[in-house]
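The values are calculated or read from the model by the stated rules, or taken from the named source; none is laboratory data. These numbers were taken from a predicted model, which means no experiment stands behind them. Heads up, the Cβs are rebuilt from the backbone with ideal geometry, glycines too, and the neighbour counts pull from every protein chain shown. All accessible areas refer to the heavy atoms of the entire protein, side chains included, with ligands and DNA or RNA removed. Shrake-Rupley method; radii C 1.70, N 1.55, O 1.52, S 1.80 Å.
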Amino acid sequence: MVPFSILDLAPVADGYSVADSLAMSRKMAMAAEENNYLRFWLAEHHGMAGVASSATSVVLSYLGSATSNIRLGSGGVMLPNHSPLVIAEQFGTLAELYPNRIDLGLGRAPGTDMLTARALRRNMDASVDSYPDDVLELQRLLGSGEQGVMAVPGRNTHVPIWMLGSSLYSAQVAAEFGLPYSFASHFAPDQLIQALTVYRRNFKPSEQNEKPHTMAGVMAVVADTDEEAKYLFTSAQQQFVNLRRNRNVPFAKPVVSMDDIWSPSEKHMVEHMLQYAIVGSKESVAFQLTRFLDVTKVDELIVSMPIHDPEARLKSLRLMAEVRDTLE
């Protein structure tokens, strides 16, 4: 069986507060553990009215205190925003608090607009170019090396590092360093198969991984009927329209029809970006999942559930677990 995990953006839904959002992430993590998901990851975004997971390591500690076994991690930390030492200390602390449960997924994008990125980054010009070196430095800080600056906590924790991305560059870095690789196909579908192929062909065994290990992301909405699922999914569709229009607003309530909201070009853009979304009843979702897994042959699947209503989001998580169990 391909393990399923959850990618959570801690969505700040229209009509709810940031505190509500974080409490809901806690409930989602607990439900994911109860339903035998392997991992629960949070994504780092900044300056977005609809996302509450900017202080990723802080939220992960909050979730760790409410769970016992599920792996917790970042999907991902945007490393150019931070010094490797700071991330090593943060995730080293998490590893000491929650032993053998912490993952560190790394991304290269800023996770925000350029104005906010300038406020976040140490050096706007050099940080992205130094990304591979920063990954190696982070590995050293989390390992048992004796030389140079020491991360305490962090040293000797050997927190597993994942490379995240939506391009061939990230696949090449992951392969070169012998790290597991997760592709962001939930919002960037174009190079999915090509990136997985490049990663697998060029993988070099490492101390962390002897062979390639792949994960891919999908958005998913599972409900009692196809019609209900499609209705709930309009929140995600509105989110992408709002991003294109540079409207920084909370996560939208679903609507009966998108026809009066998006233009033909916006509809084409959204449907293209979300072409791997899994939406429908359990029966429909099982068919879509089987097709996706057959095509990608990934070792793990990570699922984002962009649903406005908290109870419908929890229900979708449970229904997806039921679908997963039928695919064994």
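Please compute the alpha carbon radius of gyration of the chain, then divide it by the globular-protein estimate 2.2 N^0.38 Å. Two decimals is fine. Mind dumping the intermediate values first?
On the way: Rg = 19.0 Å, N = 328, 2.2 N^0.38 = 19.9 Å.
My calculation over the Cα atoms of the chain gives 0.95.
Measuring r between the beta carbons of residue 14 and residue 259 and using R0 = 25 Å, the FRET efficiency lands at 0.80.
Pairs of alpha-carbon atoms within less than 8 angstrom and 6+ residues apart define the contacts here; what relative contact order does the chain have, in percent?
On the way: 657 pairs, mean separation 62.3, N = 328.
In percent, rounded to a whole number, it is 19.
May I ask you to list the trypsin sites (Lys or Arg not before Pro) in region 275-328 that are in a DSSP loop and have at most 15 other Cβ atoms within 10 Å of their Cβ? Sites meeting the loop and neighbour criteria: 297. From helices alone, the chain scores -13500 deg cm²/dmol at 222 nm; the rule is -39500 (n - 2.57) for each run of n ≥ 4 DSSP H residues, then divide by the residue total. Between the Cα long axis of helix 84-97 and the first principal axis of the chain there is an angle of about 80°, rounded to the nearest 10. Got a number for carbon plus sulfur as a percent of the chain's accessible area, 1.4 Å probe? Ligands and nucleic acids excluded, carbon and sulfur reach 52 percent.
Just to confirm the number: angle between the C-alpha axis of helix 168-177 and the first principal axis of the chain, 0 to 90 degrees, nearest 10? With rounding to tens, the tilt is 40 degrees.
For the residue pairs 230/282; 267/315; 267/297; 230/297; 253/315; 282/315, the C-alpha atoms sit more than 21 angstrom apart in 267/315; 267/297; 230/297. Of all the options 25, 130, 170, the one that moves most in a Gaussian network model of the chain with Cα springs shorter than 10 angstrom is 130.
Quick one: grab the alpha carbon gyration tensor of region 267-328, order the square roots of its eigenvalues as a ≥ b ≥ c, and give me rounded if a/c is under 1.5, else prolate or oblate depending on whether a/b is larger than b/c. Spell out each step's value before the answer.
Values: a/c = 1.82, a/b = 1.01, b/c = 1.79.
Oblate, since a/c reaches 1.5 and b/c is not below a/b.
Across the options 90, 243, 232, the greatest Cα extent toward the positive end of the charge dipole of region 4-326 (unit charges at beta carbon of Lys, Arg, Asp, Glu) belongs to 90.
Taking the Cα centre of the chain as reference, the dipole from Cβ charges on Lys and Arg (+1) and Asp and Glu (-1) amounts to some 340 debye.
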